[in-house]
Every structure is written in C-alpha cells, then in structure tokens.
C-alpha cells in the first residue's frame, strides 16, 4: 500500500501565500493531505484555509486560539498525524520558501529507509536565494554552532523543511518536546540521532519569502542558543 502522507504547515498572516502553497503541494504530490495549523491570524489566513478545505477534501485546518509558537504548532500537527494513521509527515513553511518540487526526493529517501529527511541548504547542490550577507552568516553560523556543541555531522540543523516517518515521530516522543522557536528543528533532529534513527540530508534551494514578514526575532534566536546547551546536557546526563 502507498504511504499516507501529511504535509503540516503552521501559519500566521500568510493569506497571500497559502492558496499558491497548497495548490503547489497537491500538484506535485496529489496523494498527500495538507494540514494548515493557523494561530488565529489577524489577516484572515484561517478563513482562507477554511475555504481551501471546503474546496478540497485533501486539505484540513486546525485553528488555535492565538499565536502559540512554531514548536507547539508542529506538535499539534504531529499528534493529529499519529492519531489518524499517517505514515509520513512533512514540515513545510507556507511562505513559498520551501519548493514542493523536492517532495518526491524526500519521499524516495523515506522509502529507501531514512527515518528523518532534512531539506539541506548546506550540502552540495543546496543553497539560498534572496538573503543578504547577514542572514547567511546567521543561518550558517547557527548550524555550525549547534553542530559543534552537539557533536553531530548534520550540515543544516536549523532547516524547517523536513520529513519524518511515523516510526521517527514515535521514537522522539513528541509530547516531551520543549522547544517552541527555531530550536525546535534542532531538538527534533538531535533526538532522532540520539535514538539511532537514520537522518538523511537532501539538497534544496531555499528561496526567501516574497510576501509577508519573517517570523524570526531576537527572542527566538536566544532560545536556540540556550536550547543547544540544554540538549547537550540532557544527552550527557542520560535524559535523551
């Protein structure tokens, strides 16, 4: 039987991007379902998502009462995926920075035995379009910082374009995930590695958003800096 695939995309003020995003995903992987996790976007993204769901049974919406954070949005999406029997769960941003054309390569890697697939900007064939020098330094420096402290070979620990097998989500114990910003990506990958799961990097070209505003903030960056050390300490004390 073909695997059941769920693409989870958290949204906050993405009404201009969401219809194109959903259409593009379903054109590339028609058998997939899309779950929009909307944090009560004041721009009406939730209503746009409801309209898309009314038009296509492959689309569903999870409305949350406010801006509760990236990490908890993904955990809510993962929980629904596990409850409803999906075999593969994909994380994607709705801002069109993650190109659905890479999804077949992700799914192929899962089929060939990967537990977690990372869309990597930092391996051969990967890259970024539309960033200034400062953003490049921040991203690559953040991955290098985390990789060095955690002692792992992964080149892109902060990517938000990822795929998980059902086995991987069960192994990393989603109910105990603690990060809520971009460090969520570091934590999920590190937990997978600590569990002995197979993590594969697939090259992607990340394209900076064309509409809307980045959700990155100083507090999110600070959380990631601290979280890396907490993860390392947990590993050293046998908590991971």
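Estimate the FRET efficiency between residue 235 and residue 23 by the formula 1/(1 + (r/R0)^6), using the beta-carbon distance for r and 51 Å for R0, to the nearest 0.05.
Plugging the Cβ-Cβ distance into 1/(1 + (r/R0)^6) gives 0.75.
Rounded, prolate or oblate: which fits region 1-136, taking a ≥ b ≥ c as square roots of the Cα gyration tensor eigenvalues, rounded meaning a/c under 1.5, else prolate when a/b beats b/c? Before the final figure, lay out the partial values.
Numbers: a/c = 1.59, a/b = 1.11, b/c = 1.43.
In terms of gyration-tensor shape, oblate.
Under the classification rounded if a/c is under 1.5, otherwise prolate if a/b is larger than b/c and oblate if not, where does region 104-202 fall, given a ≥ b ≥ c as square roots of the Cα gyration tensor eigenvalues? Walk me through the intermediate numbers first.
On the way: a/c = 1.93, a/b = 1.32, b/c = 1.46.
Verdict is oblate for region 104-202.
When the helix-only estimate is applied to the chain (DSSP H runs of n ≥ 4, each -39,500 (n - 2.57), divided by the residue count), what is the mean residue ellipticity at 222 nm, nearest 500 deg cm²/dmol? Don't skip to the end; give the middle numbers.
On the way: 8 runs with 101 residues, N = 240.
After summing the helix terms and dividing by residue count, I get -13000 deg cm²/dmol.
Extension gain residue 176-residue 1, at 0.36 nm per residue separation less the Cα-Cα distance, in nm?
59.9 nm
What nm distance separates the two modelled labels at residue 208 and residue 47, each placed 7 Å from Cα along Cα→Cβ?
A separation of 3.2 nm, rounded to one decimal place.
Less than 20 Å from a label point 7 Å out along the Cα-to-Cβ axis of residue 99: which backbone N atoms in region 1-36 qualify, by residue?
17-30
Report the relative contact order of the chain, percent, no decimals, based on alpha-carbon pairs under 8 angstrom and at least 6 residues apart.
23
By counting other Cβ atoms within 10 Å of each Cβ, how are 50, 39, 173 ranked from fewest to most?
173, 50, 39
Return P(r) of the chain (all Cα-Cα pairs; 5 Å bins starting at 0; whole %; ordered from short to long distances).
1, 6, 15, 19, 21, 18, 12, 5, 1, 0, 0
Once both labels are modelled 7 Å past Cα along the beta-carbon direction, what's the residue 131-residue 149 spacing in nm?
Here the modelled spin labels are 1.8 nm apart.
With label points built 7 Å along Cα→Cβ from the Cα atoms of residue 140 and residue 124, find their separation and express it in nm.
Distance between the two pseudo-spin positions: 1.7 nm.
Of 172, 149, how do they rank once you tally other Cβ atoms within 10 Å and put the fewest first?
By the 10 Å Cβ count, ascending: 149, 172.
State whether region 63-104 is rounded, prolate or oblate according to the following rule on the C-alpha gyration tensor (a ≥ b ≥ c being the square roots of its eigenvalues): a/c under 1.5 gives rounded; otherwise a/b larger than b/c gives prolate, and the remaining case gives oblate. Intermediate values should be presented prior to the final figure.
On the way: a/c = 2.99, a/b = 1.17, b/c = 2.56.
Verdict is oblate for region 63-104.
Every read-out reported here was derived from the displayed coordinates using simple, explicitly stated rules and does not represent laboratory data. The shown structure was predicted, so the numbers you read here are calculated from the model rather than taken from an experiment. Note that each Cβ is placed from the backbone with ideal geometry, even for glycine, and that neighbours are counted across all protein chains shown.
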